[in-house]
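Just below is one structure, and these are the notes that go with it.
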Amino acid sequence: MSRIGNAAVVVPNGVDVTIAGLSLTVNGLVVRDDKGKVVLASPRASIGFDGSSLLLGQFLPRSLDLSGLVLSLTIRPDSS
């Protein structure tokens, strides 16, 4: 499990790396808020990286593909 701010990122089904497409594929991506509620779930998420930036040692994403996305949003009384 990793943390992004107050959110926890869980990848229960592992990570596949595709070298030919310069992409990282995650199976079973789940992001939970600080109370443990699922705020984002995707059976498969793929992040594509810019090849020239990788040569410079930088990881600059150029695409994000989420398959079967489930997203939970809260609208507050002030509409924020």
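The values are calculated or read from the model by the stated rules, or taken from the named source; none is laboratory data. Remember, predicted model here, so these are calculated numbers, not experimental data. Methodologically, a virtual Cβ is constructed for each residue, glycine included, from the backbone with ideal geometry; neighbour enumeration extends over all protein chains shown. What goes into the accessible areas is simple: the full protein's heavy atoms, side chains included, and nothing from ligands, DNA or RNA. Shrake-Rupley method; radii C 1.70, N 1.55, O 1.52, S 1.80 Å.
Structure above, values below:
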| item | result |
| --- | --- |
| Filtered residues of region 35-75 (kept if in contact with a Ser or Thr (Cβ under 9 Å, 6 or more places away or on another chain), over 18 Å from SER23 (Cα atoms) and not hydrophobic (A, V, I, L, M, F, W, C)) | LYS37, GLY68 |
| Selected residue (criterion: surrounded by the fewest Cβ atoms within 10 Å (Cβ to Cβ)) from residues of region 38-57 that are among the polar types (S, T, N, Q) and out of contact with any Leu (no Cβ under 6 Å at 6 or more places or on another chain) | SER52 |
| Enumeration of residues in region 58-71 that are part of a loop (DSSP other than H, G, I, E, B) and open to solvent by 60 Å² or more (accessible area, probe 1.4 Å) | GLN58, PHE59, LEU60, LEU69 |
| Residue in region 70-79 that is modelled with pLDDT of 85 or more and under 13 Å from the mean Cα position of the chain (by Cα) present | yes |
| Condition check for GLY21: at pLDDT below 80, open to solvent by less than 50 Å² (accessible area, probe 1.4 Å) and either in contact with a helix residue (DSSP H, G or I) (Cβ under 7 Å, 6 or more places away or on another chain) or outside any strand (DSSP E or B) (or both) | yes |
